[in-house]
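To start, the structure itself, in structure tokens.
Laboratory data are not the source of any read-out in this text; all were calculated from the coordinates shown. On a predicted model such as this, the values are computed, not experimentally measured, just so you know. All Cβ positions, glycine included, derive from the backbone under ideal geometry; neighbour counts span all protein chains shown.
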Amino acid sequence: MDIVHLLPDNVANQIAAGEVIQRPSSCLKELVENSIDAGATTIQVIVRDAGKTLLQVIDNGSGMSETDARMAFERHATSKIREASDLFRLTTMGFRGEALASICAVAQVEMTTRRAEDEIGTCIEINGSTVVRQEPVQCPVGTNFKVKNLFYNVVARRRFLKTDATELRNLIQDFYRIVLVYPEIQFTFVHNDEIILELPKANHKQRIEQVFGRSNRAAYSSQLVEINVDTDIVHIHGFVGKPENAGKQSSQYFFTNGRYMRHPVFHKAITQAYQGMLIGEASPSYFVYFDINPDEIDVNIHPTKTEIKFLNEQIIFRFLTAAVREALGKFDITPSLDFDTTGQVEMPVQTNEKRFTPQTMPRITAATNYNPFNTVHKAPGAQPELDQWQSLYPEPEPSLFEPHTALSDPYQYASRYILLPTTGGLMLIDQHRAHACVLYDIYMRQMHDHRGERQQLLFPEVLEVPTTDIAVIESMLNDLMNVGFELVQLSPTSYTVSSVPSLLSGQNAIEVLQEIIEDTHLHHSSVQEEWQQHIAWSLASHTAIRSGKPMNIDEMRQLLEQLWKLPSYARTPDGKKVTTLLSDDEIGRKFC
Ligand code: ADP
Ligand code: MG
């Protein structure tokens, strides 16, 4: 006798429901997501007994036609995708067409729905996958979905449910994960006739305040610091809590392309940014939204899974830490940089960019008496170093300033370049590189003279060093000390950092140290001098004013004065142009 047969739909749906609908909160999530997909601007949730006896969602979305209302409950019935390739350009929360079929298999469902173009709506009643009633009704545009007695026909599931208090907590938790993404939608949540949440239309920050700052919105609002960083691969935005408001029960939310996600690694990226600012076990609140090209993430989204894989996890990790650091620094929560307190984070998109060529590094000493604004152009003490410096490049840049004299004030262009009219033409100076050169010179001198200015950290930080790098850091220890770091070995693979170079304040010292170590790997060298140059240049490029940062005239003048004092300023130690000159002739030719 043959024994293989197909399961009846209601049994198959019940089995599927076990996966999609595990508890009232997963059912509510599916219903609310459907309302959002239907374009609703108002969504009302009414719950009884933590959803065990009633879960009702009323929306003002598109509604359904009479036929669609029936079809919607079929397995794999969806209006959201047609073919597999649509999966890669999803714009809706749902797409599997499983939720309604699952819900009606394990509950008593009553749905009324009407489209704007229809005069009359449809009411449909289904118990355990069996349609018991379908008829025309008078009803408002949108959908009113009632799920009664969830798991009434699956005793084991019903018994599996937790207390009302726990299930209500689950409901609210899942509800938060949705409302925080859709501040433009008005939501209400009623439990046992009591309004638990009333969330009018808002913006992102206001929505966070509506949800979490109910006792004192203004106070809660002042705890939030905005983060925003837009890079080639990801746009990260949202809010993080100030360190002093961190606690044991913080609100921590990540969303990717509008979906809640858990991400322990990115969680670490955030807590790392707070290093040294938190007391004991306190953890900061955060609400971080990632907008990312779907190609960059694993799109195989399971309805109940909240983990998402990122292709460029490591790079995004760094962006995130930097963005949070930057935001905390901006609000004077961490000591801020000399110049850069308001600018955007400037971050390398290419991680393995070659940044340094120590073999060609000259030693630089500053010619403090050299002032290009004087008519005497030569700085007597500086010439030998200048020659040495320039001889390193096959076609040495002429020292641009030499034959020219500044005519008037500098101007800033594109928040990035300084324009300086001179007798020989229009000079353009890259502000970030210029400042980095100035700082490099300072760090080099401090290292030579063993008198780096240090700043004590309020909370010492811990630098973890892989065993393979211990030798590297040991060899650099003296120079790091000379420049202002205070490092004490904590364990065979970690150091405490209790002070940092004062010019570095506001930067993530640990990150800078890690980069110095990394750089040293790239350009392996046993020459002490070259290590010093590594350290100096790493510190300098981290501390220098960013591109994109507006500068006032005094800041520009001060920077240029320092720049002219260097023996050479045409190129950075890693060979990039600092200045360039548009001669009068070249400018003239543009008008031909
Ligand atoms: P999915 O959301 O994955 O498409 P569902 O089973 O959740 O699958 O829903 C099936 C279909 O029913 C949806 O594709 C949609 O066309 C329709 N639908 C469900 N809920 C609503 C609603 N609140 N308003 C309008 N249409 C809805
Ligand atoms: Mg759905």
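Some points to look at:
- In a reduced charge model with +1 at each Lys and Arg Cβ and -1 at each Asp and Glu Cβ, the range 75-222 shows a dipole moment near 540 debye about its Cα centre.
- Less than 5 angstrom separates the built amide H of Leu197 from those of Phe189, all sequence-distant by 5 or more or on a different chain.
- Direction-averaged projected area, Cα convex hull, the range 167-212: 2.9 nm², rounded to one decimal.
- Between the range 46-80 and the range 232-256, the alpha-carbon center distance in angstrom: 33 Å
- q = 0.19 Å⁻¹, the range 194-251: log10 I(q)/I(0) [Debye, one scatterer per Cα]: -0.78
- Convex hull of the range 81-203 built on C-alpha atoms - directionally averaged projected area, nm²: 10.5 nm²
- The magnitude of the dipole of the range 189-263, with charges of +1 and -1 set on the Cβ of Lys/Arg and Asp/Glu and taken from the Cα centre, is near 100 debye.
- The phi-based Karplus calculation (6.51 cos²θ - 1.76 cosθ + 1.60; θ = phi - 60°) puts the 3J(HN,Hα) values of the range 464-470 at 8, 10, x, 3, 5, 9, 4 Hz, whole numbers, x for Gly and Pro.
- Checking the cross-link pairs Lys205/Lys549; Lys549/Lys576; Lys52/Lys309; Lys146/Lys242 against a 30 Å limit on the alpha carbon distance flags Lys52/Lys309; Lys146/Lys242 as lying beyond it.
- Pairwise FRET efficiency - Thr580 versus Asp449, Cβ, R0 = 30 Å, nearest 0.05: 0.35
- Efficiency of FRET from Cβ geometry, Val4 and Ser251, R₀ 56 Å, rounded to 0.05: 0.65
- Förster radius 30 Å - calculated FRET efficiency between Glu281 and Arg217, Cβ distance, rounded to 0.05: 0.65
- Note: the range 180-309, Cα convex hull, 138 Å³ per residue.
- Placing pseudo-labels 7 Å out from each Cα toward the beta carbon at Tyr152 and Ser415 gives an inter-label distance of 6.0 nm.
- Karplus-derived 3J(HN,Hα), 6.51/-1.76/1.60, for each residue of the range 424-436, Hz, glycine and proline x: x, x, 9, 8, 10, 10, 6, 5, 5, 5, 4, 5, 4
- Projected label distance in nm at Thr53 and Glu518, using a 7 Å step from Cα toward the beta-carbon: 5.9 nm
- Phi angles across the range 253-263 convert, under the Karplus curve 6.51 cos²θ - 1.76 cosθ + 1.60 with θ = phi - 60°, into 3J(HN,Hα) values of 9, 10, 10, 10, 6, x, 10, 5, 9, 9, 8 Hz, Gly and Pro given as x.
- Here each label is just a point 7 Å from Cα along the line to Cβ, and for Ser79 and Val137 those points are 1.8 nm apart.
- Applying 0.36 nm per residue to the separation of Ser498 and Glu198 and subtracting their alpha-carbon distance, the gain on full extension is 103.2 nm.
- Furthest towards positive pole of dipole, Ile279, Tyr260, Tyr289, structure part the range 248-323, Cβ charges: Ile279
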